[in-house]
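Let me begin by presenting the structure, written as structure tokens, before commenting on it.
Just so it is clear, none of the values below were taken in a lab; they were calculated from the coordinates. Quick caveat, the model's predicted, so the values are computed rather than measured. Neighbour counts are summed over all protein chains in view; Cβ atoms, including those assigned to glycine, are modelled from backbone coordinates with ideal geometry.
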Protein chains: 2
Amino acid sequence: MNTRNRPGRHTGAQSGASRSPYGLGTAAGLLQARPRPAALAPQGLASDPGVALNPACSTDAGRPCRHPLTNAVENQRLLAHELAVKGSFDAIVPVLKRIAGLQHEVDFTERAQAIAREDLGFELPAQILADAWVAGLDMRTLYGECVMRTLRLMAKQAQLSNPQQDTDEAVAFFLDSGYHAVDISPCSDGRLKGLVRYILRLPDGAVRSKKSYAGAMFDVDANVKRWIETELMRYREGRPVTADAGTRYLKVAVYHWSSSEPTHEGCAAHGSNVTAAAEAGLNRLIEFRRAIENSFCCGASVDTLLIGVDTDTDAIKLHVPDAAGETNLYRFIDNIELYRASVNDDASSARLKVYRAIQAASATTGWGAGNGEPHEGMRRLIASLLINNLSQIEYVCGNWGGRYPDIGHAERFISVGDGFEEFQLRNLVYFAHLHTVEEGAPDMDVGIKIFSNLNVRHGLPVPVAIHFRYDSRVPGCRERTVERCRRVRAAIETRYGELSRPGLLVCAMTVQDKRPGSSIESVEESGASAARGEP
Amino acid sequence: MNTRNRPGRHTGAQSGASRSPYGLGTAAGLLQARPRPAALAPQGLASDPGVALNPACSTDAGRPCRHPLTNAVENQRLLAHELAVKGSFDAIVPVLKRIAGLQHEVDFTERAQAIAREDLGFELPAQILADAWVAGLDMRTLYGECVMRTLRLMAKQAQLSNPQQDTDEAVAFFLDSGYHAVDISPCSDGRLKGLVRYILRLPDGAVRSKKSYAGAMFDVDANVKRWIETELMRYREGRPVTADAGTRYLKVAVYHWSSSEPTHEGCAAHGSNVTAAAEAGLNRLIEFRRAIENSFCCGASVDTLLIGVDTDTDAIKLHVPDAAGETNLYRFIDNIELYRASVNDDASSARLKVYRAIQAASATTGWGAGNGEPHEGMRRLIASLLINNLSQIEYVCGNWGGRYPDIGHAERFISVGDGFEEFQLRNLVYFAHLHTVEEGAPDMDVGIKIFSNLNVRHGLPVPVAIHFRYDSRVPGCRERTVERCRRVRAAIETRYGELSRPGLLVCAMTVQDKRPGSSIESVEESGASAARGEP
């Protein structure tokens, strides 16, 4: 893929909040990051809106951040990935603008295809170009097609450049802390989409499930079913370890807020109220744990963990459970403070500070008081998560001056269904995990609302990628999954008919085998896509 | 409940197909059984449409049937139950007709309530009666309310008169044949609703799941999940027996046809084509078995069994699996033939004929050829099912001359969701098992089509009882289940808006704890029902 023509490329140097290293804000004003009003700047920092101080490194401004426990090589690798993927999506609008200006030229089709091949990496649907002379280029359909083709192209590249790692390593990571399964439910918000790979830096495949729900309001009953499946594997097949190995099941809920615009850019499902978001997540965790304890005998239980993410800085707030596994909204470690406190230390002092922070949190008095320290495995896991997140704080610090330029929504498409493993990037995709629109409507509504703002008011359609995974070992499962794609598509087009009828909502359907590394297969709609020359 | 005023009560004697022993056909022509056209009479029988011969006892006409292996006491008990429940529903239309004639009398409300109390067993919604002077009685709403109140009254009586039997007996029944779990998927068709209690005579609670789907097209993926839950109970909690007890999981699919009107009154989902219905059921069984075998290691598998039911006579056609567990559409036992062949024998000769029939079926050659006899447990189970069904053949034989008067649809309401354990009666209810209308629409559509014919064309609404069960051990599950009721109701009212808007579709919502014997709880719709004076 060629990126020559894209403005605002990454300079490698630390940049202020007002600068965009990977072209964000260049796409026709569409995905532009809103400037942060001075009145909402975090307390204790200079309030000049143009050059907000770096929230992580404010104690030692001017010098590039370098924490002894961070992984600089991985940060470079992740940055390259983020720039490549987002750059590809952000190239679409400028390319379409250029092509729009050529549509009355004699050799329009040839020139348009040459530009698309060069700048987007694929050809445009020939029929749409050929029909342009009649009533002008059908820009909405063209835009939708470009988003979906970019998506498939990026997914293919992600699979090639980042092949599935050995799952042994992934399993070992959690088994080291005594967990045979880890199930994370973040909010659907696109700014959390980099949670596993970027914010928590967990190995691919380590987390068995990361189904998103608006406001992290995960489905307790569906989670009980998933717990049952995990248990049976341990008992029946000894996977990943046998049932008598003394390991545990961990359920994590992740809420979020925006430190610079706390009342506007927090969790939409909880009205940007961070306390409400945290409380709701905690309640679901408690309900899930009780459901397991009440429904199964022989001491069945699960460990739970509540994590908050500041979507401006990607720093986590980790709620440390007590010895009884109970979590408290007022007993936590704020990792950005830990970063600041240890950035100038050597590695072993910094590591010691991480463990001391866990001890200090466990010793919280007053509202945050608990019943002693968590068990050893949980302590080890918490320490790993905190240390992993230090790298991400530095990633944001080094590349964006400690705070993303796009603190608000800037997602490129809505992902519906099972979601793509291939796209774990902040603000790339709003993900609504659902099996039916009837049940998932609240999550979908939030996504449509976000994109009404991002796309529709600029005349561009909402791109919806419907994606479900099937089990090729189960006869007929692929056919039923394709049927589900079509059913969900029909339900979306019915529910949002006012967008869909004038072409302001475009759906694409794909399915994928559950086995790791399987390719993404387009679902044809009555053979029409084939005629349009799918890549 | 008072039944004095109901015409056409059961006479106890054998009656011809044109006579209705429990009032069927008396309710304003609404639920009238269609007369069977002579041209469609089964081959080999006299074709006088008025007095069709008894298909079971035609060899020995005139003498009341008495097979040595049938349970006459149970037949009497089941008849009383059927007459009481159906009689209550069938009383509604005559009562409303009488009340309609009184609406301009001075003491209308008092007289109407007296009639309702006496003949229906409950009072009518006072507000509807009080408002009658304005624009006449709102008969559609009144009818809907009466159906739902009758439903709740009957459910309560069923629980009192037929308290949950000791589940030990139920479990022992199948464990005797080596099965720790039996899961039956019949067609949604109301004529199969008596399958477990009447047609197969299985003890209450013996069958863990009897979720109906149009055309018996059960959900393979959902069934795999249910299998997983069953397995975990065996491995983790040793219920009902431990995993090393050598027992099996049995999945049964049940299709149906009408022997007297095979091309019109068969399975609607398969266009009344019995071969298509049987083949489709068999394919689902094969898919389910393969899904288990492919997804789990260590020799995981299930036994499967395909059963057909002639909904005119309730006689079963049992497809005998071979030694490898494979089923064949052409290898079966027709139980009505077995009844005829053994009705004049003594008990031990009759029992011997049952086992010989299994041997003979296993020895089928040609298209029906298989690979030897099924294993001993399956043989024992098949024999039990055949013998149980002999009682039901005699039940139809003794009470309706061997063939129901209502060979077509005559359901009283549509049951949506998890269904009522309390109503296991032929042609009482069309049951669409679903969690969302989005997925369950095909099943719902068939039900609505049936009731458009039965009710709407006579100006009466379609009564839809939305019923879901919740797990009181899981926190928040009841609230989520109530929410599901409301969501499904809204989806039904949207999908069938043309019926719903003019009041030709009435929904009632109820929930019930999963524990056996739990009461049915009405779901209030914004407090309106309470104001109407719910019973």
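Laid out as a table, the results:
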item: Of all DSSP beta bridges in segment A:402-535, antiparallel share, percent nearest 5; result: 15
item: Share antiparallel - DSSP beta bridges, the protein assembly as shown, percent rounded to 5; result: 20
item: Amide hydrogen neighbours beyond the local backbone of A:Phe431, cut-off 5 Å, H modeled; result: A:Gly190, A:Ser415
item: Other-chain or far-sequence residues with amide H under 5 Å of A:Thr304's (modelled H); result: A:Lys251
item: Cross-link partners of A:Lys353 among lysines (Cα-Cα below 18 Å; sequence separation of 8 or more within a chain); result: A:Lys317
item: If the convex hull is drawn through the Cα atoms of segment B:293-342, its volume per residue in Å³; result: 105
item: Under 30 Å from B:Lys97, Cα to Cα: lysines that are on another chain or at least 8 residues apart; result: B:Lys86, B:Lys156, B:Lys193, B:Lys449
item: Rounded if a/c under 1.5, otherwise prolate or oblate - segment A:280-397, Cα gyration tensor axes; result: prolate
item: Nearest-first distances (nm) between copies at B:Gln113, label 7 Å from Cα via Cβ; result: 8.2
item: Anisotropy class of segment A:218-356 from Cα gyration tensor, a/c 1.5 cut; result: oblate
item: Other-chain or far-sequence residues with amide H under 5 Å of B:Ser185's (modelled H); result: B:Val252, B:Ala253, B:Val254
item: Added length on full extension, which subtracts the Cα-Cα distance from 0.36 nm per residue, B:Arg351 to B:Asn283; result: 21.3 nm
item: Pair B:Arg501, A:Glu493: separation of 7 Å Cα→Cβ label points (nm); result: 2.3
item: Label geometry 7 Å along the beta-carbon vector: A:Ser301 inter-copy distances in nm; result: 4.2
item: Efficiency of FRET between B:Glu169 and B:Asn273 - r from beta-carbon atoms, R0 30 angstrom, step 0.05; result: 0.15
item: Pair-distance profile P(r), taking every C-alpha pair of segment B:167-400, with 10 angstrom steps and integer %; result: 8, 33, 39, 17, 3, 0
item: Set of aspartates and glutamates with alpha-carbon distance to B:Lys514 below 12 Å, sequence-local pairs under 8 removed; result: B:Asp418, B:Glu421, B:Asp471
item: Whether chain A is rounded, prolate or oblate, judged on the alpha carbon gyration tensor where a/c under 1.5 counts as rounded; result: oblate
item: Copy-to-copy label separations for A:Ser519, where each label sits 7 Å from Cα toward Cβ, in nm and ascending; result: 6.1
item: Karplus-derived HN-Hα couplings along segment A:260-265 (A = 6.51, B = -1.76, C = 1.60, θ = phi - 60°), whole Hz, x at Gly and Pro; result: 8, 10, x, 8, 10, 10
item: Fraction of beta bridges assigned by DSSP in segment B:167-400 that are antiparallel (%, nearest 5); result: 30
item: Proxy reagent accessibility, fewest Cβ within 10 Å first, across B:Trp227, A:Trp133; result: A:Trp133, B:Trp227
